[in-house]
Amino acid sequence: MTLPNLITIGRLFLVPLVIVMILNGRWQAAFIIFVVAGVSDAVDGVLAKRFGMASELGAYLDPIADKALIVSIYLTLAISGAIPSWLVILVVSRDVMIVSAVILSWVMGKPLAMAPFVVSKLNTGAQLIFAALLLASRAFGVDPGQAVAVGQLLVAVLTVASMTAYLAFWLRHMAA
């Protein structure tokens, strides 16, 4: 058990807490917890890579924590009326598709080594920044104006692009 793994596990514990804060309309607390979760993701990554603390467990835990945070935040923001359901369906469908492809590949005896694509990193960044924008605007009573429409469009385009890249990669892998 490495320090980055403990930080990642801590991030997993923040997920239900931020959800409860959103559902109870405690936007400032939700924003702060979300930022702490985001910073913890950066910190565990730096510790793992720069200080030789990477582990096989961490390679699995980190993306699980990321998916748990993003999917939970987007579902909860949709329930609270902050984002449209079509965007949540798109975001969640991408993650379900990726996880399903990995499981199916493994079941079919063609295990798939997944590494994030550049478009996937951009997508995750856009999703997190957009969620932070929505939380911050509610937490501090600021009207984000057109930033919401731009954020929705950017998240949608990058999510579809990432989904397409992973699907193409998976299809090539399965055909080989």
Checklist outcome for this item: Given (1) open to solvent by less than 40 Å² (accessible area, probe 1.4 Å); (2) modelled with pLDDT of 95 or more; (3) in a helix (DSSP H, G or I), I98 misses just (2)
Checklist outcome for this item: In region 92-136, residues that are charged (D, E, K, R) and touching a His at 6+ places or on another chain (Cβ under 9 Å) total 1
Checklist outcome for this item: Going through region 140-159 in order, the residues found to be part of a helix (DSSP H, G or I) and open to solvent by 70 Å² or more (accessible area, probe 1.4 Å) are F140, V150, L153, L154, V157
Checklist outcome for this item: Considering only helices (runs of 4 or more DSSP H) wholly within region 1-95, the ones with at least 1 residues that are in contact (Cβ under 8 Å) with a residue 12 or more places away in the chain, surrounded by fewer than 13 Cβ atoms within 10 Å (Cβ to Cβ) and in contact with a strand residue (DSSP E or B) (Cβ under 8 Å, 6 or more places away or on another chain) are none
Checklist entry - Just a yes or no: is a residue in region 129-136 more than 23 Å from S40 (Cβ to Cβ) and open to solvent by 60 Å² or more (accessible area, probe 1.4 Å)? => result no
Checklist entry - Within region 35-52, can you find the residues that are over 30 Å from S137 (Cα atoms) and hydrophobic (A, V, I, L, M, F, W, C)? => result L47, A48, F51
Next on the checklist: Which pairs turn up if I take residues in region 103-127 that are closer than 13 Å to T159 by Cβ and look for partners that are assigned to a loop (DSSP other than H, G, I, E, B) and open to solvent by 60 Å² or more (accessible area, probe 1.4 Å) with beta carbon separation below 8 Å, at least 6 apart in sequence or on another chain?
Outcome noted: T124/P116
Checklist entry - Given the conditions (1) touching a helix residue (DSSP H, G or I) at 6+ places or on another chain (Cβ under 9 Å); (2) on the phi < 0 side of the Ramachandran plot, which single one is not true for F13? => result (1)
Item to check | Filtered residues of region 146-168 (kept if more than 15 Å from the chain's Cα centre (by Cα) and either hydroxyl-bearing (S, T, Y) or modelled with pLDDT under 95 (or both)) | outcome: T164, Y166
Checklist outcome for this item: In region 131-145, anything free of Cβ contacts under 8 Å to residues at least 40 places away in the same chain and under 18 Å from the mean Cα position of the chain (by Cα) is listed as L133
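The values are calculated or read from the model by the stated rules, or taken from the named source; none is laboratory data. Quick caveat: nothing in here was measured; it's all calculated off a predicted structure. Cβ sites come from the backbone with ideal geometry, for glycine too, and all protein chains shown count toward neighbours. When the accessible area is computed, the model is the full protein with side chains, heavy atoms only, and any ligands, DNA or RNA have been set aside. Shrake-Rupley method; radii C 1.70, N 1.55, O 1.52, S 1.80 Å.
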